[in-house]
Each structure stands twice: as structure tokens, then as C-alpha cells.
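Engineer: This is the structure I have questions about; it appears just below.
The values are calculated or read from the model by the stated rules, or taken from the named source; none is laboratory data. Not measured: the values here are computed from a predicted model. Reconstructed Cβ throughout: ideal geometry from the backbone, glycine too, with neighbour counts over all protein chains shown. Side chains are part of the model used for accessible areas, which takes the heavy atoms of the whole protein and leaves out ligands, DNA and RNA. Shrake-Rupley method; radii C 1.70, N 1.55, O 1.52, S 1.80 Å.
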Amino acid sequence: MEYKKNKAVCFGEVLWDIFPGEQKRVGGAPFNVAYHLFKMGVEVNMISSVGDDQLGRDLLDKMKNWNIPADHVQINTEYPTSTVIATVDENNDAHYDIVEGVAWDYIETTPENMEIFNTTDALVFGTLAARNEKSRNTLFQLLELSDYNVFDINLREPYYEVGMIKDLLHKTHLAKFNKAEMRMMLDFLGKAYTTEEDGMKYFQDQFDLKEIIISKGSKGALYASEDHFYLYPTIPVTVKDTVGSGDSFLAGFLSKRLEKGSTIPEIMTQAVSLGAFITSQEGACPEYSLEDFIRFKNEHPVSVVS
């Protein structure tokens, strides 16, 4: 059988994060996932939009320098490239002031971005890019074309609505929450929290979800596949910052999940290893090679908890 390279599409926000006292950094959760998928050897396309301005040109140049395809990043002449003012608290957690009315709020449905799903293995998306009707309608059209929809819940107040999230979950094959997001969603849906496993089973039953990931920060990650649960620990590292750590975890997971024949231990090891590797560096998209990551993974073995 002919070997086919795994392919993924990430849909949503690409932007510049502006951190205090620093130069701007490329950001946006879907773009962070795309960056790390590319680093892991997955062929990835980004469906988004930037403004017809210098910030947009700078962002496209950055993608070109990283060799990440920008063919499906649209240029919007009416709305600007997105910038986000980021602050980091005493726990190294980032907080964001996300401006509305930016280019990625108005992603168009085009024949080109629909056609790529003929050869795509997964569509990765989040909640934020569905805050505006234009991009939301585009997303729902693309979800119908994809065979494997990956929803990184990624709640950003006040830019989400419970009914819309429920509609997206009904179109989802793999959902990823952090622990706080899972408890928030259970509360929104009127379900009392008892255990993580009980909450995950509730989501599986309510939305016919085959797979769920709960990222638990320093306590590792829990993966549910059908009726089976797999808990994996985090890797102890010196934390530089946590910006984008969940995005790199998801990219690590998918890079193995999309490989034919990968086992759950291989998939989860890749996920927690890449998440730890990026947490030990500065920024959501640090410069590194696949060899750098493999070296880190070999030097930091993961022990299965259950």
C-alpha cells in the first residue's frame, strides 16, 4: 500500500500576542497546534484570515519562514490583523485581552478551503473563532466535510455561548478540555461534578463522543476512548511559561493519533512529552527541530499510571 503522509487542517485565529516589554509573538490556539503538528511531520494547512496591513504581511512572512503553508490564510481588506494584549500572572499563566472585529472573525467559505478536505485526516478548531456569525458559518460548513473533527474547547470569556458549544460538540469526534473547562461545561449543562471519569462519560453519552481528553496541568492528562480511561503523568520540568502548553499537548497527541498502527501508550507519551518540552521553553512556538524533541523525549521517559 502506498504511504500517505498524515494531513490536518487547523481553523481559526492567527494573531500577534503582545506581551509586556517584549516583541510581538505569533499566536492563536489553532495556529499553535498547526505549528507543532508541522514540527512533528504532519502536513498541515491553516484556514484563517489576516488584514491587508503590515501586521498581516509580517504574519504571512513568519509562516513562510517557518515553511508552514499559508495558501488558505485569506487577506481581508476591511478588517485588521488581530492583536491580543497578553499579561502573565505570578503563576506563569497568561491572560488575554482579545479585540473583536478582526480579520479572522470573517473567514470566508471558498472552493479552495473546501477542496482540501478530500485529502485531510483531521480538522482542528476551537470556540473562539466561532464567536462571529461569518466564521462560525464557515466552520460549520467545513465540519460537514471532515471525517475527524477535533474540538479544543478553549473557553475565553466572554466569547462563547453554551448553545453554540453544544452544537459544535454534536459535530465532534475528539473533544479536549482542561479540568476547569470540563467543570464549567458540566455546570452549564446542569450536571453535578463527581469524578472526571463520570464527567467524561456524561459528555460521551450526551454528544456521542468517542474520544475525550482532559488536560490536568501538573497532574497529567486523562484520555477516554470509548469505555476505557487512560491516565498519564506530566513530565517534571522547569517551567518557563505555560503559554501554548495545551496546544502543544494536543499537537503531540494528534501527530501520533493520526498515524496508522499507533498504540495508546505511544499517542499519550507523545502528547505529554511535547507539552512538557514546550513548557520548559519560552513562548508558545519556540524554535526547535524534531530531533530536539526526540532527544528530550528519550531523556524524559513517561511512566504509565493506569
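Engineer: Does A284 qualify as being in a loop (DSSP other than H, G, I, E, B), touching a residue at least 60 places away in the same chain (Cβ under 8 Å) and buried (at least 24 other Cβ atoms within 10 Å of the Cβ)? Give the steps one after another, and end with the answer.
Structural biologist: On the way: in a loop (DSSP other than H, G, I, E, B): yes; touching a residue at least 60 places away in the same chain (Cβ under 8 Å): yes; buried (at least 24 other Cβ atoms within 10 Å of the Cβ): yes.
When the stated conditions are applied, A284 passes them.
Engineer: Let me ask something else about it. What is the residue count in segment 167-181 for residues that are within 13 Å of G199 (Cα to Cα) and open to solvent by 20 Å² or more (accessible area, probe 1.4 Å)?
Structural biologist: 3
Engineer: Is there any pair with a first residue in segment 60-83 that is among the hydroxyl-bearing types (S, T, Y) and a second that is assigned to a loop (DSSP other than H, G, I, E, B) and open to solvent by 60 Å² or more (accessible area, probe 1.4 Å) whose Cβ atoms are under 8 Å apart and which are 6 or more apart or on different chains, and what are they?
Structural biologist: Going by the 8 Å Cβ cut-off, the qualifying pairs are T77/D52; S82/V99; T83/K24; T83/V99.
Engineer: What number goes with the only condition from (1) touching a residue at least 12 places away in the same chain (Cβ under 8 Å); (2) within 24 Å of F38 (Cα to Cα); (3) in a helix (DSSP H, G or I) that V124 does not pass?
Structural biologist: Going through the list (1) touching a residue at least 12 places away in the same chain (Cβ under 8 Å); (2) within 24 Å of F38 (Cα to Cα); (3) in a helix (DSSP H, G or I), V124 breaks only (3).
Engineer: Determine if segment 160-169 includes at least one residue that is at negative phi and assigned to a loop (DSSP other than H, G, I, E, B).
Structural biologist: Yes, segment 160-169 contains a residue that is at negative phi and assigned to a loop (DSSP other than H, G, I, E, B).
Engineer: Suppose we keep only residues that are hydroxyl-bearing (S, T, Y) and under 20 Å from the mean Cα position of the chain (by Cα) within segment 95-113. Which one would you say is nearest to E13 (Cα to Cα)?
Structural biologist: Y106
Engineer: Consider segment 102-115. How many of its residues are open to solvent by 30 Å² or more (accessible area, probe 1.4 Å) and in contact with a strand residue (DSSP E or B) (Cβ under 8 Å, 6 or more places away or on another chain)?
Structural biologist: 3
Engineer: Please pick out the residue among M164, M184 that is farther than 22 Å from S255 by Cα, in contact with a Leu (Cβ under 8 Å, 6 or more places away or on another chain) and open to solvent by 10 Å² or more (accessible area, probe 1.4 Å). I'd like the intermediate steps shown before the answer.
Structural biologist: On the way: M164 fails: in contact with a Leu (Cβ under 8 Å, 6 or more places away or on another chain).
Just a single option satisfies the conditions, and that option is M184.
Engineer: Any residue that is surrounded by fewer than 17 Cβ atoms within 10 Å (Cβ to Cβ) and at pLDDT 95 or above - is there at least one of those in segment 229-237?
Structural biologist: So far as segment 229-237 goes, yes, one or more of its residues are surrounded by fewer than 17 Cβ atoms within 10 Å (Cβ to Cβ) and at pLDDT 95 or above.
Engineer: Quick one: what pairs do we get from segment 16-38, first residue under 16 Å from D61 (Cα atoms), second open to solvent by 50 Å² or more (accessible area, probe 1.4 Å) and in a helix (DSSP H, G or I), C-beta under 7 Å, 6+ apart or different chains?
Structural biologist: W16/L55; V26/K62
Engineer: In segment 86-121, what residues are of a type in the set (A, V, I, L, M) and touching a residue at least 40 places away in the same chain (Cβ under 8 Å)?
Structural biologist: In the first step, residues of segment 86-121 are kept if they are of a type in the set (A, V, I, L, M); the result is 86, 88, 94, 98-99, 102-103, 107, 114, 116.
Within segment 86-121, A86, V88, A94, I98, V102, A103, I107, I116 meet the criteria.
Engineer: How many residues does segment 143-159 contain that are out of contact with any Asp or Glu (no Cβ under 6 Å at 6 or more places or on another chain) and either of a type in the set (A, V, I, L, M) or not in a loop (DSSP other than H, G, I, E, B) (or both)?
Structural biologist: 6
Engineer: Still on this model: Given the structure, is K216 basic (K, R) and open to solvent by less than 60 Å² (accessible area, probe 1.4 Å)?
Structural biologist: yes
Engineer: Which fully enclosed helices (runs of 4 or more DSSP H) of segment 175-280 have 2 or more residues being free of Cβ contacts under 8 Å to residues at least 12 places away in the same chain, more than 19 Å from A8 (Cβ to Cβ) and not aliphatic (A, V, I, L, M)?
Structural biologist: 196-207
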